[in-house]
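Structure first, commentary second.
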Amino acid sequence: MAYVITDSCVACGTCAAACPVEAISEGEIYSIDPETCIECGTCAENCPTEAIVLPD
Ligand code: SF4
């Protein structure tokens, strides 16, 4: 299961720069391609608003 970006996203771009597999796309809020994400958690660790979560 891939990480997902929630409404707390402020589109700062920190996650996209940190992702080792370029799974994150820009937007009004950013989004993660579930096919590309390797669930490393780097984006979630670096997000300043804790907007990135691993769904249950
Ligand atoms: Fe990229 Fe890792 Fe975040 Fe997946 S968990 S989007 S691979 S930084």
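Quick one: ALA2 ticks every box in (1) within 11 Å of the ligand (Cβ to nearest atom); (2) assigned to a loop (DSSP other than H, G, I, E, B); (3) loosely packed, with under 13 Cβ neighbours inside 10 Å except a single one, so which number is it?
(3)
Listed here are the residues, each with its yes/no results for (1) open to solvent by less than 30 Å² (accessible area, probe 1.4 Å); (2) under 17 Å from MET1 (Cα atoms); (3) of a type in the set (Val, Ile, Thr).
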residue: GLY13; (1), (2), (3): yes, no, no
residue: VAL21; (1), (2), (3): no, yes, yes
residue: ILE24; (1), (2), (3): yes, yes, yes
residue: SER31; (1), (2), (3): no, yes, no
residue: GLU35; (1), (2), (3): no, yes, no
residue: GLU50; (1), (2), (3): no, no, no
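Report, by residue number, each residue of region 5-19 that is more than 6 Å from the ligand (Cβ to nearest atom) and either over 15 Å from ASN46 (Cβ atoms) or of a type outside the set (A, V, I, L, M) (or both).
Once the filter is applied, which keeps residues that are more than 6 Å from the ligand (Cβ to nearest atom) and either over 15 Å from ASN46 (Cβ atoms) or of a type outside the set (A, V, I, L, M) (or both), region 5-19 yields THR6, ASP7, SER8, CYS9, CYS12, GLY13, THR14, CYS15.
The values are calculated or read from the model by the stated rules, or taken from the named source; none is laboratory data. The shown structure was predicted, so the numbers you read here are calculated from the model rather than taken from an experiment. With ideal geometry, Cβ positions are generated from the backbone for all residues, glycine too; neighbour counts draw on all protein chains shown. Protein only, heavy atoms only, side chains kept; ligands, DNA and RNA dropped before computing areas. Shrake-Rupley method; radii C 1.70, N 1.55, O 1.52, S 1.80 Å.
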